[in-house]
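S.K.: Could you have a look at this structure, given as structure tokens, before my questions?
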Amino acid sequence: MCGICGIVNFHKKVDLDLVKKMNDRISYRGPNHKSVWSNSFCAAGSVRLSIIDLSSKSNQPFVSSDKKIKIIYNGEIYNFKEIKVTYFTNTEFKSLGDGEVLLYLYQEYGIDFLKKIKGMFSIFISDEKKNKVYLIRDRFGIKPLYFSYNSLLNELTFCSEIPGIFVNENIKKKQNYFETYRYLVLGLVNASNETWFKDIFQVKPSTYVEFSR
């Protein structure tokens, strides 16, 4: 299953201990490995359920050689072997898993790498070269990904599950009555990017959220 979480703030150092608590909140999604890390503007965590590559070489994050790009993700890339043969015949991969191809694709093609992958996924990319992050969700929204933006703090909080977001005490739990009404009365599910909680949104399927300095 796996899971990802994190906080992004371009104006102050993110509390890594807080992200550790977020990561612990979703730890049951990935019993095989968990990790947290931080850079100049974000802290993020991931929990891993090992499926394709059972070795530690597929543990996340996936990090570029200059340490400026880090990627964590939840999902499966169906065509990762095809991608290796088509685009990276001269690249030495460290793992046998599917996630590592995301790093090399992003380095080569930027956000347009999404056009080349097939699968179910939620992805977080931190790019210190561009002072930018991305939250990405697959075309059918199979893998969940939620976020909340605090405009007063200029802070973005994200997680594979909403309870993980509420670990950040700066985010208050308030009911979104309109979205609740649309579900209970009209029977609409995922009709928008809103959730049952006010100011908690889902990344819409086949889209990405970009956040930069």
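The values are calculated or read from the model by the stated rules, or taken from the named source; none is laboratory data. Treat the numbers as computed from the prediction; the structure is a model and nothing was measured. All Cβ positions, glycine included, derive from the backbone under ideal geometry; neighbour counts span all protein chains shown. Heavy atoms of the whole protein, side chains included, go into the accessibility calculation; ligands, DNA and RNA do not. Shrake-Rupley method; radii C 1.70, N 1.55, O 1.52, S 1.80 Å.
S.K.: Tally Lys and Arg at +1 and Asp and Glu at -1 over the other residues with C-beta under 10 Å from the C-beta of Asn154: what net charge comes out?
M.R.: Neighbourhood net charge equals +1.
S.K.: Ordering Asp17, Asp138 by accessible area with a probe of 1.4 Å, largest first, what comes out?
M.R.: Largest to smallest exposure gives the sequence Asp17, Asp138.
S.K.: Please report the net charge: other residues with Cβ closer than 11 Å to the Cβ of Ile51, K and R +1, D and E -1.
M.R.: Around Ile51, the surrounding residues sum to -2.
S.K.: Moving on. What full-extension length gain, to one decimal in nm, is calculated for Thr86 and Ser192 as 0.36 nm per residue of separation minus the Cα-Cα distance?
M.R.: Answer, rounded to one decimal: 34.5 nm.
S.K.: Answer with a single label: of (1) 1.10; (2) 1.00; (3) 1.44, which was calculated as Cα Rg over 2.2 N^0.38 Å from the structure in view?
M.R.: (2)
S.K.: Where the centre of each part is set by its Cα atoms, how far does the range 34-61 sit from the range 77-99, in angstrom?
M.R.: 18 Å
S.K.: Mean-square fluctuation check for the chain, GNM, Cα pairs under 10 Å: which of Arg139, Arg25, Arg182 is largest?
M.R.: Arg182
S.K.: Is it possible to state the helix-based mean residue ellipticity at 222 nm for the chain, with each DSSP H run of 4+ residues giving -39500 (n - 2.57), the sum divided by total residues, to the nearest 500 deg cm²/dmol? What is it?
M.R.: Per the formula, -5000 deg cm²/dmol.
S.K.: Extending each Cα 7 Å along its Cβ direction at Leu184 and Asp15, get the distance between those two points in nm, one decimal.
M.R.: The two pseudo-label positions are separated by 3.3 nm.
S.K.: Let me ask something else. With a 1.4 Å probe and every protein chain left in place, work out the accessible area per residue of the chain in Å², rounded to a whole number.
M.R.: 51 Å²
S.K.: Then there's this: Once fully extended, how much extra length lies between Met1 and Leu54, figured as 0.36 nm per residue of separation less the alpha-carbon to alpha-carbon distance? Intermediate values should be presented prior to the final figure.
M.R.: On the way: separation 53, 0.36 × 53 = 19.08 nm, distance 1.38 nm.
Contour length minus Cα-Cα distance gives 17.7 nm.
S.K.: Quick one: net charge around Cys5, please, counting Lys, Arg +1 and Asp, Glu -1 for every other residue with C-beta under 9 Å from its C-beta.
M.R.: Counting the neighbours of Cys5, the net charge comes to 0.
S.K.: Explain nothing, just the number: relative contact order of the chain, from Cα pairs under 8 Å at least 6 residues apart, as a whole percent.
M.R.: 21 percent
S.K.: Here's a follow-up. When the accessible area of the range 116-203 is split by element with a 1.4 Å probe, what percent falls to carbon and sulfur?
M.R.: On the way: 2420 of 4480 Å².
Its accessible area is 54 percent carbon and sulfur atoms.
S.K.: Under a Cβ-Cβ limit of 4.7 Å, which cysteines in the chain have nobody to pair with?
M.R.: By the Cβ distance rule, which asks for a partner under 4.7 Å, the isolated cysteines are Cys2, Cys42.
S.K.: Still on this structure, please answer the following. How large is ³J(HN,Hα) for each residue in the range 43-48, as worked out from phi by the Karplus curve 6.51 cos²θ - 1.76 cosθ + 1.60 (θ = phi - 60°), to whole Hz, x for Gly and Pro?
M.R.: Along the range 43-48, the couplings run 9, 8, x, 8, 10, 10 Hz.
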